[in-house]
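A short worksheet on the structure shown next.
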């Protein structure tokens, strides 16, 4: 065999080896592993819990916004509403822990509480990314405004109670507590004021 033949054979062998190596790099990756039924169920349960938490936070956030708009329309009710508003803010934060995103609750200099920029302003976005509907108007009469706020508290309480059916045990206990507090708020805003 001549030197030229040996070189040609060596080049051909090296070329074949390089082609094999490149093919292995490009297409040698194994197909993605399919999750087991248990893994798929765990992922489904996690998605369902995340969605439940998001809905629960949205319900509590709506009540919190109602407190804010009522306080803005009727500052004279601040002594009566501020403790209930703080409770609603704490419930929103507790429901958001570990899953859903919510703006931090802070206290402004005037002694009330707020969640940063007004969440009811036009153009703000809900956690889902959709524009928030404008806040419901607050009645000019303070007594009617309190009745409307009590109705919002009952609505939130009912929504949290309904969510208990699909909530995991630990979150269900929290939802039950928040639902009970919402019912107490409704009582304190209406019947409790008459006692």
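Quick notes
- Test result for residue 180, touching a helix residue (DSSP H, G or I) at 6+ places or on another chain (Cβ under 8 Å), surrounded by fewer than 14 Cβ atoms within 10 Å (Cβ to Cβ) and at pLDDT 95 or above: yes
- Pairs linking a residue in the range 75-88 that is closer than 21 Å to residue 61 by Cβ to a residue that is surrounded by fewer than 17 Cβ atoms within 10 Å (Cβ to Cβ), with Cβ atoms under 8 Å and 6 or more positions apart or on different chains, are 77/142; 78/111; 82/111.
- Some residue of the range 48-63 being under 21 Å from residue 143 (Cα atoms) and at pLDDT 85 or above: yes
- When 146, 175, 188, 165 are screened for being within 18 Å of the chain's Cα centre (by Cα) and in a helix (DSSP H, G or I), only 175 passes.
- Some residue of the range 45-65 being surrounded by 11 or more Cβ atoms within 10 Å (Cβ to Cβ) and in contact with a strand residue (DSSP E or B) (Cβ under 8 Å, 6 or more places away or on another chain): no
- The single condition from (1) farther than 22 Å from residue 188 by Cα; (2) modelled with pLDDT under 90 that residue 96 fails is (2).
The values are calculated or read from the model by the stated rules, or taken from the named source; none is laboratory data. Keep in mind the model is a prediction, meaning the values are calculated, not measured. When we count neighbours, we look across all protein chains shown, and the Cβ atoms used for this are built from the backbone with ideal geometry, even at glycine.
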